[in-house]
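To start, the structure under review is shown below, and the notes come after it.
The values are calculated or read from the model by the stated rules, or taken from the named source; none is laboratory data. Computed from a predicted model, the values in this text were never measured in an experiment. Note that we place each Cβ from the backbone using ideal geometry, even for glycine, and neighbour counts take in every protein chain shown. The protein model used for the area step is the full one, side chains on, heavy atoms only, and it has no ligands, DNA or RNA in it. Shrake-Rupley method; radii C 1.70, N 1.55, O 1.52, S 1.80 Å.
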Amino acid sequence: AILHYLRKKRFNVLPGFVVPTPVLQECIRDYLKVQTDFSFEHARDYLIKAPLPAYLLEAIRSKASHRAEPLIVRSSGALEDSQSHSFAGIFSSIKQETKEGLETALRQCLASYFSREALHYTRRICVYQEYVSSPKMAVLVQEQIKPDISVTYFSFHPVNGEDIFIEY
């Protein structure tokens, strides 16, 4: 949503496309049909191995065919980077040199929603129940550049919560 806003304001945003949140929710519904007891580990394993819906694979192939390589497949979680907590480094970002491995990278990124780090972090910040009961993570697939420098911008300092913080 923020990248769309930036693009409308004429900021230079790398081309890409979004695999929306309902895809993860659909995969989890499918998982719950075959698994009666929920666990992060089983959900993660299921997402890594289970085939993605045919309609999604077709859409991804179509959208990816118009993109330059390499691509980056990265998470966009609803609970990421809020005023009260940051999931920085919790979910996977996967560099994909060719389009052929895009399905695997997408499954790995979706599965990172149920990583051990996510399990521990959601319990520590007391959002575990919300996190599990209503999975909300989209995946962004963008063209990747080879920058001379890379910068991470925090709208507030991850430790003191006050200042703007830029890391490079």
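Listing for the model above:
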item	result
HIS85 versus ALA59: modelled label distance in nm, points set 7 Å from Cα along the beta carbon direction	2.8
Of VAL151, VAL139, VAL23, the one that fluctuates the most in a GNM where the chain has Cα springs shorter than 10 Å	VAL151
The chain: relative contact order in percent, alpha carbon pairs under 8 Å with at least 6 residues between	31
Solvent-accessible heavy-atom area per residue, rounded to whole Å², over the stretch 1-72 at 1.4 Å	69
Within the accessible area of the stretch 71-136 (1.4 Å probe), percent carbon and sulfur	46
